[in-house]
Amino acid sequence: MIRFEDVSVTYDGAAAPTVRGIQLHVPEGELMLLAGPSGVGKSTLLGAVSGLVPHFTGGTLAGRVTVAGRDTRTHKPRELADVVGTVGQDPLAHFVTDTVEDELAYGMESLGLSAPVMRRRVEETLDLLGLADLRDRPIATLSGGQQQRVAIGSVLTPHPRVLVLDEPTSALDPAAAEEVLSVLQRLVHDLGTTVLMAEHRLERVVQYADQVALLPGAGQPLVVGDPAAVMAESPVFPPVVGLGRVAGWSPLPLTVRDARRSAAGLRERLAALGSTADRGPVGADRAHAAKPHMSRSRAPGGADHLASVTKLGVRRGRVEALRSVDLNVSPGEILALMGRNGAGKSTLLSSLVGMIKPTVGSVTVGGAVPHKAAPRDLIRKVGLVPQEPRDLLCADTVAAECAAADRDADAEPGTCRALLGELLPGIADATHPRDLSEGQRLTLALAIVLTAAPPLLLLDEPTRGLDYAAKSRLVTILRGLSRRGHAIVMATHDVELAAELTHRVAILADGEIVADGPTPEIVTSSPSFAPQVAKILAPQQWLTVTQVREALA
């Protein structure tokens, strides 16, 4: 169905091809997972299937890409629209209408389908993706995860023979991600749809793949094969595979169920070593073991709080986004806000940084009221890295973005560039931010905010688009900030990040905090938010591969 024949892509002004000599065949009715580190060309390969590369992006495509027999060099994206449905990393760039229902119908209207057919398919898709309650909502009012589901739904309604998906679960909560992946699996198995998907959160998707195509980078050739065989040699792999490597299991498991069947001996060895409670807090610095309870027991606005939220309520139009939220954050604390899409996580972060005025209640950060403070003063108290990094990017080059960040923060010249180099090595100064991948843009935005070294750092989905190596570098930097007394609050669906990094987790539902406590206690009590290692080794409270490796050593 999809065939790459000796394909190389070189963008204008680039010194070398982004991808080189790609030979790949994706049979009809298969789900192929495209894996590899950030920046190795996964999005470029996906764009070549839909015709966006080179017709929209520019550059030179050598070799041949065919989809259902159509050569993408001679067929523009609109001439492939009846065969290929594409969802990119940025759902906002995908939308052309204002409301959910109109967006789901737009692609079918473009193909000239009849009104009864369109109505039936819209209803089916609303039910499949859990969007029925949002059908009349303006897209601009949806959370990032809800927008992602709408974007996926809009390409499902025309019933394309090929689906090309770039990070389809990156903004989805665990339950929503499972729903979307189940829908994709049904399309593959029942309708023979061909799916080519790039995804960094391999723990979510690798078990659904028929084949994995690995782009290792550094000039190494593409590796294609059975998921377990490819994961055995891949530089990027999910925690379940990492645990299998540490324990020496063969074949390597790809699912929690298979891993649990192999884990009896490992559980016995770990039980003999003592519980994780004897080793300090999981995934975080031991010095902060008492912080979660301490920050909740002091009175709001106490001297030990960097931020205090008291009886906060926020109404956005007809939607009550937050209701009676109480939250205190102490110096050095790393707090994860978790919950389903639309629960109010981003709204809470926006309130802390002064972008949203409380309807009721109060917010204070460093003694200031954020929505009343001058931006020049607030930048030294709190910084937000948003879900959409382009909101912070306005210059033509990476170097210019970093220089502007140094000026705004009154930092030494080169501070931002040094941070970016630490987070993401190898990005050239002359690169335009729009030419970066989604994960690279997010890292640039993070470096810009970190330049001012605000005492309170807010992150909205900070690992969206990041591979495991970049995530590990991010964890190292955030732990360093925590040790120096900075507080970090992140809204995330990445349960593995929460297990590795945070001291405390607060779960939101329908605008209210329904659980708040130490990370091990909260995540192990929730099937949705438990990391893979916790599920495999339950009832013992081991949360990360790193923790198990160190214990065995």
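The values are calculated or read from the model by the stated rules, or taken from the named source; none is laboratory data. Computed from a predicted structure; not experimentally measured. So basically every Cβ, Gly included, is an ideal-geometry build from the backbone, and we count neighbours across all protein chains shown. In case anyone asks, the SASA skips ligands and DNA or RNA and just uses the protein heavy atoms, side chains included. Shrake-Rupley method; radii C 1.70, N 1.55, O 1.52, S 1.80 Å.
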### Message
Of all residues being of a type in the set (S, T, Y) and in contact with a Lys or Arg (Cβ under 7 Å, 6 or more places away or on another chain) in segment 189-231, which is modelled with the lowest pLDDT? Just the residue, please.
### Response
T193
### Task
With the condition kept exactly as written, say whether any residue in segment 105-117 is within 30 Å of L349 (Cα to Cα) and of a type in the set (V, I, T).
no
### Task
Can you tell me which residue within segment 139-154, out of those that are polar (S, T, N, Q) and under 16 Å from the mean Cα position of the chain (by Cα), is surrounded by the most Cβ atoms within 10 Å (Cβ to Cβ)?
Q148
### Task
Identify the single condition in (1) touching a Leu at 6+ places or on another chain (Cβ under 9 Å); (2) closer than 24 Å to Q146 by Cβ that E167 does not satisfy, given that it satisfies every other one.
(1)
#### Entry: Pair list, Cβ under 8 Å, 6 or more apart: segment 241-270 residue over 16 Å from V230 (Cβ atoms) and open to solvent by 50 Å² or more (accessible area, probe 1.4 Å), other residue in a helix (DSSP H, G or I) and of a type in the set (V, I, T)
R260/I536
## Note on the structure
A careful count of residues in segment 381-415 that are out of contact with any strand residue (DSSP E or B) (no Cβ under 7 Å at 6 or more places or on another chain), of a type outside the set (A, V, I, L, M) and at pLDDT below 90 gives 7
### Residues (in a strand (DSSP E or B) and more than 18 Å from M32 (Cβ to Cβ)) located in segment 1-15
D6, S8, V9, T10
### Task
Look through A321, A303 and report the one residue that is of a type in the set (G, A, S) and at pLDDT below 90.
A303
### Task
Report whether or not A35 is open to solvent by less than 50 Å² (accessible area, probe 1.4 Å), within 23 Å of V188 (Cβ to Cβ) and not basic (K, R).
yes
### Message
When you check S472 against the structure, is it open to solvent by 10 Å² or more (accessible area, probe 1.4 Å), among the polar types (S, T, N, Q) and assigned to a loop (DSSP other than H, G, I, E, B), yes or no?
### Response
no
### Query
Has segment 143-159 got any residue that is touching a helix residue (DSSP H, G or I) at 6+ places or on another chain (Cβ under 9 Å), of a type outside the set (G, A, S) and more than 30 Å from A491 (Cβ to Cβ)?
yes
## Note on the structure
In segment 216-227, residues that are open to solvent by 10 Å² or more (accessible area, probe 1.4 Å), in contact (Cβ under 8 Å) with a residue 12 or more places away in the chain and touching a strand residue (DSSP E or B) at 6+ places or on another chain (Cβ under 9 Å) total 7
### Query
How many residues are crowded, with 24+ Cβ neighbours inside 10 Å and more than 17 Å from the chain's Cα centre (by Cα) if we restrict to segment 478-498?
2
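Results for (1) assigned to a loop (DSSP other than H, G, I, E, B); (2) in contact with a His (Cβ under 6 Å, 6 or more places away or on another chain); (3) closer than 23 Å to D90 by Cα; (4) in contact (Cβ under 8 Å) with a residue 40 or more places away in the chain, shown as yes or no for each residue.
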| site | (1), (2), (3), (4) |
| --- | --- |
| R315 | no, no, no, yes |
| V325 | no, no, no, yes |
| P331 | yes, no, no, yes |
| R376 | no, no, no, no |
| A405 | no, no, no, yes |
### Query
Tell me, which residue of segment 155-187 that is open to solvent by less than 10 Å² (accessible area, probe 1.4 Å) and of a type in the set (S, T, N, Q) is nearest to D127 (Cα to Cα)?
T157
### Summary
Checked L80, L61, L31 against criteria (farther than 24 Å from H432 by Cβ, modelled with pLDDT of 90 or more and over 27 Å from the mean Cα position of the chain (by Cα)); the one match is L80
### Task
Please determine, by comparing only the residues of segment 59-84 that are under 14 Å from V164 (Cβ atoms) and among the small types (G, A, S), which one is surrounded by the most Cβ atoms within 10 Å (Cβ to Cβ).
A81
### Task
Scan segment 379-391 residue by residue and report those that are surrounded by fewer than 20 Cβ atoms within 10 Å (Cβ to Cβ) and among the aliphatic types (A, V, I, L, M).
I379
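Residues checked against (1) open to solvent by 30 Å² or more (accessible area, probe 1.4 Å); (2) not small (G, A, S):
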residue: A453; (1), (2): yes, no
residue: D460; (1), (2): no, yes
residue: G465; (1), (2): no, no
residue: E500; (1), (2): yes, yes
residue: E512; (1), (2): yes, yes
residue: I522; (1), (2): no, yes
residue: S526; (1), (2): no, no
residue: V545; (1), (2): no, yes
### Query
Mind checking whether some residue in segment 431-447 is assigned to a loop (DSSP other than H, G, I, E, B), touching a residue at least 24 places away in the same chain (Cβ under 8 Å) and farther than 26 Å from T463 by Cβ?
no
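Conditions (1) on the phi > 0 side of the Ramachandran plot; (2) hydroxyl-bearing (S, T, Y), marked per residue:
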position	(1), (2)
G383	no, no
L424	no, no
D435	no, no
A447	no, no
G465	yes, no
S472	no, yes
R483	no, no
### Query
Of all the residues that make up segment 392-406, how many are under 30 Å from S143 (Cα atoms), crowded, with 16+ Cβ neighbours inside 10 Å and small (G, A, S)?
2
### Message
For segment 188-195, check the following and say yes or no: at least one residue is touching a strand residue (DSSP E or B) at 6+ places or on another chain (Cβ under 7 Å) and open to solvent by 50 Å² or more (accessible area, probe 1.4 Å).
### Response
no
### Every residue from segment 407-430 that is open to solvent by 60 Å² or more (accessible area, probe 1.4 Å), assigned to a helix (DSSP H, G or I) and touching a residue at least 40 places away in the same chain (Cβ under 8 Å)
D408, E422
